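Novice: This is the structure I want to talk about, given as structure tokens.
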Amino acid sequence: MKQPVTMPVLSDTMGSGRLLRWLKQQGDSVARGEAIAEVETDKAVMEMEAFHSGTLIGPLADEDQEYPVGETLGWIGDEKNGEAGAEQGKREEQKEEKDAEGQVEPDKQTPAEEPEKPEADEAPAVQQDRFGKAKEEKPQQAESNVRLADETGMRQKQTETAGAGDKSDAGLHASSTVLEQALAGRASACKHKESDEHTELLKEIESGPPYRIEPQLLLRKVIAGTMSRAVQTPQFRISTQVDLTAFKTYADAHAASFTLLLARACALTVKEQPDFNAAWTSDGLARREQVDVAVAMEAEHGLLTPVVRDAAGRPLLELAENWRALKEKIRHHRMVPEDFRGATFYLSNLGMFPGIVQFDAVVPPGAAAILAVAAPGDIGTMLTLTCDHRVVFGADAARFLAALAERLAHPAE
């Protein structure tokens, strides 16, 4: 007997994964819980574990290819059978393919069985024609149907009294069908609109120089989806200039990360102004109990946002160790969803790039604001705060920047 090895669900947003490499090869023995392959999700490289013990048998999926969640990548057969299990797996797979195509071997065909006839003392089940007229019934069933008809009549009368008109159940069903058709038509129209937009885009591209389509990496797909959702948020921006000389001197003197200290300063300011630690939902504001700051960082194939948890409540030494571990995970592609999701405030620092005097950042879903830090200029460093206008307002943002500027000017306090 063999068990399929499928593309696992490694995060709640994962729709597909890239099989980077097999850690076990065809014919190798595997134990339940043992890592057998490496899979790249939207933002991390994670190990795929075996859910059964046995022998890894083929055919195995190709490496460095993307597969949807649930797709079979290989098989684990009975360890005692060895290669025999692999051959059996191939035969079973061929049989499954034949069955799927509706091809059954002649010697395995069986004559169709006639349906059992009801006993003489049993009356047929109640049946209705398309107009709702009963054909044959047992006496008990007929009595039950009379009660049902009475109840239906009462409900219909109540509906008429409420001003719903003289709609019958059939009429209500027809209305429901019309609504479903309308919704289906709207969905179809959206798909056609997307298709038309894609066609127009390709026409525009094809009118230019020759090109080739490069498949998007999972990370870039996730970033594109997040940014598309983010632009639906009503946002506003407010900027100020701050002299960060004293702040940088403090960071150098304590051998501390400048970006981590910025994140902590933001967290402490958010703690003082808790509206910036809320998120908009259709049910109301989601107010968080601690400040988790995500820091935008350049990754090999895009952008990652590792989260410093409880940045306002933990000691600086503990935060520094956490920050070091997060950067190490990014370097070795070992981040997991818990490392980059659920932030309450965001920080984007491009101050290491000379000449970037000002830039805007986009508020990701689930946060109230993001701070963009530019490179130092002649009269200070430009800080730009982008806010979700449903959560905070202009005066709130002005007070936030003023408090943050004061904190950055006196880092030792």
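The values are calculated or read from the model by the stated rules, or taken from the named source; none is laboratory data. As the structure is a prediction and not an experimental result, all values here were calculated from the model. Here the Cβ is made from the backbone with ideal geometry for all residues, glycine too, and neighbour counts use every protein chain on show.
Novice: Mind listing whichever residues of the stretch 358-379 are in contact with a Pro (Cβ under 9 Å, 6 or more places away or on another chain), aliphatic (A, V, I, L, M) and either under 16 Å from Phe247 (Cα atoms) or modelled with pLDDT under 95 (or both)?
Specialist: Ala375 - this is the single residue of the stretch 358-379 that is in contact with a Pro (Cβ under 9 Å, 6 or more places away or on another chain), aliphatic (A, V, I, L, M) and either under 16 Å from Phe247 (Cα atoms) or modelled with pLDDT under 95 (or both).
Novice: Going through the stretch 67-80 one residue at a time, which ones are at pLDDT 85 or above and over 16 Å from Gln26 (Cβ atoms)?
Specialist: Residues satisfying the conditions are Tyr67, Pro68, Val69, Gly70, Glu71.
Novice: If only one of Glu338, Glu289, Glu328, Glu318 is free of Cβ contacts under 8 Å to residues at least 60 places away in the same chain and not in a helix (DSSP H, G or I), which one is it?
Specialist: Result: Glu289 is the single residue among Glu338, Glu289, Glu328, Glu318 that is free of Cβ contacts under 8 Å to residues at least 60 places away in the same chain and not in a helix (DSSP H, G or I).
Novice: Based on what the data block shows, is Thr41 within 30 Å of Met297 (Cβ to Cβ), of a type in the set (Ser, Thr, Tyr), in contact with a strand residue (DSSP E or B) (Cβ under 8 Å, 6 or more places away or on another chain) and at pLDDT below 85?
Specialist: yes
Novice: Okay, next question. Does any residue of the stretch 40-48 turn out to be part of a strand (DSSP E or B) and more than 24 Å from the chain's Cα centre (by Cα)?
Specialist: No, the stretch 40-48 contains no residue that is part of a strand (DSSP E or B) and more than 24 Å from the chain's Cα centre (by Cα).
Novice: Test Leu401 against the criterion of being at pLDDT 95 or above and either outside the structural domain of Phe236 (by TED's automatic domain parsing) or of a type in the set (A, V, I, L, M, F, W, C) (or both), and give yes or no.
Specialist: Against the criterion (at pLDDT 95 or above and either outside the structural domain of Phe236 (by TED's automatic domain parsing) or of a type in the set (A, V, I, L, M, F, W, C) (or both)), Leu401 qualifies.
Novice: Please verify whether Gly33 is touching a Pro at 6+ places or on another chain (Cβ under 7 Å), touching a residue at least 12 places away in the same chain (Cβ under 8 Å) and of a type outside the set (A, V, I, L, M, F, W, C), treating the condition exactly as stated.
Specialist: no
Novice: Output the number of residues of the stretch 382-413 satisfying the condition of being within 17 Å of Val295 (Cβ to Cβ) and β-branched (Val, Ile, Thr).
Specialist: Going through the stretch 382-413 one residue at a time, the tally reaches 2.
Novice: What do you reckon, is Ala403 surrounded by 14 or more Cβ atoms within 10 Å (Cβ to Cβ) and either of a type in the set (Lys, Arg) or closer than 23 Å to Gln273 by Cα (or both)?
Specialist: yes
Novice: When both residues are 6+ apart or on different chains and their Cβ atoms are under 7 Å apart, which pairs have a first residue that lies in the stretch 253-278 and is outside the structural domain of Val295 (by TED's automatic domain parsing), and a second that is among the polar types (S, T, N, Q)?
Specialist: Matching pairs, first to second residue: none at all.
Novice: Scan Thr386, Thr381, Thr344 and give me the residue that is in contact with a helix residue (DSSP H, G or I) (Cβ under 6 Å, 6 or more places away or on another chain), among the β-branched types (Val, Ile, Thr), crowded, with 21+ Cβ neighbours inside 10 Å and in contact (Cβ under 8 Å) with a residue 40 or more places away in the chain.
Specialist: Result of the check over Thr386, Thr381, Thr344: Thr344.
Novice: Select from the stretch 57-71 the residues that are surrounded by 14 or more Cβ atoms within 10 Å (Cβ to Cβ) and over 17 Å from the mean Cα position of the chain (by Cα) and write down the one among them that is nearest to Ser16 (Cα to Cα).
Specialist: Glu71
Novice: So Thr55 passes all but one of these: (1) assigned to a strand (DSSP E or B); (2) modelled with pLDDT under 85; (3) hydroxyl-bearing (Ser, Thr, Tyr). Which condition number does it fail?
Specialist: Result: Thr55 passes all but (2).
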